[in-house]
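K.L.:
The structure follows.
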Amino acid sequence: MRPRTTRTRTADRADGWNRLRTAAVAVIAAVRHPLEVPDAFAGVQEATRRHRRAHRCGAYAYGEGSLPATVAAAVGALRIVEVGTALGYTAMAMADATPLAHVDTVEMDPDHVRLARDQIARHGFGDRVTVRPGTAEEVLPGLGAGTYDLAFFDGFTPTLEVVAHLHRLLRPGGTLIAGNLILGPAPEVTRHLGDPARWRTHSLGESALCVKR
């Protein structure tokens, strides 16, 4: 084995500092937000929290509606499908970001369907956001294949069946935001989302941004 040179030791130290810096940035990013982004639908998010605490149910609003809304605006989405409405927080954020878009959002809980429809109507999106009651497995097969520009999964955790349906619904070049990956989807789901024959994928930590091939 060749002796370690000063240059090698220096390179090793640099690599170590780079790894430490990357880890530190990740930790800081988890607890700090360098930008404060106004949220027009913060009241809906807070209403979702209040409802969840009062009813001990699974109504969760995505952490920040600015991510799906910004992606919707960036891709110029005209047709959007969402799994996991809760009270309509992200459905309205995406509709607001893309004024010509229509959002089909799927919700399995009848109480949440009713509450979401109330919120959506109150905020003036009744003609552009349709809440479709039922499970994703029940509703998605009835939607048009290859007709959506953007899909957003915000249910409990994606199953292979649901991910495959969303892939089918998107047009080539359409975008999927797959949320809640930290909740432990099955290995076949992560293999699907990372399959370069199906998607061009970037991990955002708890979510993945996937563009259909």
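The values are calculated or read from the model by the stated rules, or taken from the named source; none is laboratory data. Since we're looking at a predicted model, the values are computed, not measured. Here the Cβ positions follow ideal geometry from the backbone for every residue, glycine too, while neighbour counts run over all protein chains shown. Protein only, heavy atoms only, side chains kept; ligands, DNA and RNA dropped before computing areas. Shrake-Rupley method; radii C 1.70, N 1.55, O 1.52, S 1.80 Å.
K.L.:
Let me spell it out: the conditions are (1) in contact with a strand residue (DSSP E or B) (Cβ under 7 Å, 6 or more places away or on another chain); (2) open to solvent by less than 40 Å² (accessible area, probe 1.4 Å), and Phe125 meets all of them except one. Which number is the exception?
P.N.:
Checking Phe125 against (1) in contact with a strand residue (DSSP E or B) (Cβ under 7 Å, 6 or more places away or on another chain); (2) open to solvent by less than 40 Å² (accessible area, probe 1.4 Å), the one that fails is (1).
K.L.:
Something else about it: Just one of (1) under 11 Å from the mean Cα position of the chain (by Cα); (2) among the hydrophobic types (A, V, I, L, M, F, W, C); (3) open to solvent by less than 70 Å² (accessible area, probe 1.4 Å) trips up Leu166, so point out which.
P.N.:
(1)
K.L.:
Can you list residue pairs whose Cβ atoms sit under 6 Å apart, with the first residue in region 71-84 being among the charged types (D, E, K, R) and the second being in a loop (DSSP other than H, G, I, E, B)? Count only pairs 6 or more apart in sequence or on different chains.
P.N.:
Filtered contacts from region 71-84: Arg79/Thr147.
K.L.:
Of the numbered conditions (1) part of a loop (DSSP other than H, G, I, E, B); (2) over 16 Å from the mean Cα position of the chain (by Cα); (3) not β-branched (Val, Ile, Thr), Leu140 satisfies every one except a single condition; which is it?
P.N.:
(1)
K.L.:
Can you pull out every residue in region 169-213 that is assigned to a helix (DSSP H, G or I), surrounded by 14 or more Cβ atoms within 10 Å (Cβ to Cβ) and either modelled with pLDDT under 95 or polar (S, T, N, Q) (or both)?
P.N.:
Within region 169-213, the subset assigned to a helix (DSSP H, G or I) is 169, 181-183, 187-193.
Applying the additional criterion that residues be surrounded by 14 or more Cβ atoms within 10 Å (Cβ to Cβ) yields 169, 181, 189-190, 192-193.
Selection gives Leu181, Thr190.
K.L.:
For the condition open to solvent by 40 Å² or more (accessible area, probe 1.4 Å), under 23 Å from Val163 (Cβ atoms) and either aliphatic (A, V, I, L, M) or part of a helix (DSSP H, G or I) (or both), what is the one hit in Ala59, Ala93, Ala74? I'd like the intermediate steps shown before the answer.
P.N.:
Numbers: Ala59 fails: open to solvent by 40 Å² or more (accessible area, probe 1.4 Å); Ala93 fails: open to solvent by 40 Å² or more (accessible area, probe 1.4 Å).
Just a single option satisfies the conditions, and that option is Ala74.
K.L.:
For region 155-168, name all the residues that are under 21 Å from Tyr62 (Cβ atoms), without any contact (Cβ under 8 Å) to a residue 40 or more places away in the chain and of a type in the set (A, V, I, L, M).
P.N.:
Once the filter is applied, which keeps residues that are under 21 Å from Tyr62 (Cβ atoms), without any contact (Cβ under 8 Å) to a residue 40 or more places away in the chain and of a type in the set (A, V, I, L, M), region 155-168 yields only Val163.
K.L.:
Would you pick out the residues in region 169-202 that are without any contact (Cβ under 8 Å) to a residue 60 or more places away in the chain, closer than 19 Å to Leu150 by Cβ, polar (S, T, N, Q) and touching a helix residue (DSSP H, G or I) at 6+ places or on another chain (Cβ under 8 Å)?
P.N.:
Correct list: Thr201 only.
K.L.:
When you scan region 132-161, how many residues do you find that are closer than 21 Å to Pro110 by Cα and either surrounded by fewer than 22 Cβ atoms within 10 Å (Cβ to Cβ) or charged (D, E, K, R) (or both)?
P.N.:
Our first condition is that a residue be closer than 21 Å to Pro110 by Cα; within region 132-161, this holds for 132-143, 152-158.
Within this subset, residues satisfying the condition of being either surrounded by fewer than 22 Cβ atoms within 10 Å (Cβ to Cβ) or charged (D, E, K, R) (or both) are 132-135, 137-139, 141-143, 154, 156-157.
Counting residues in region 132-161 that are closer than 21 Å to Pro110 by Cα and either surrounded by fewer than 22 Cβ atoms within 10 Å (Cβ to Cβ) or charged (D, E, K, R) (or both) gives 13.
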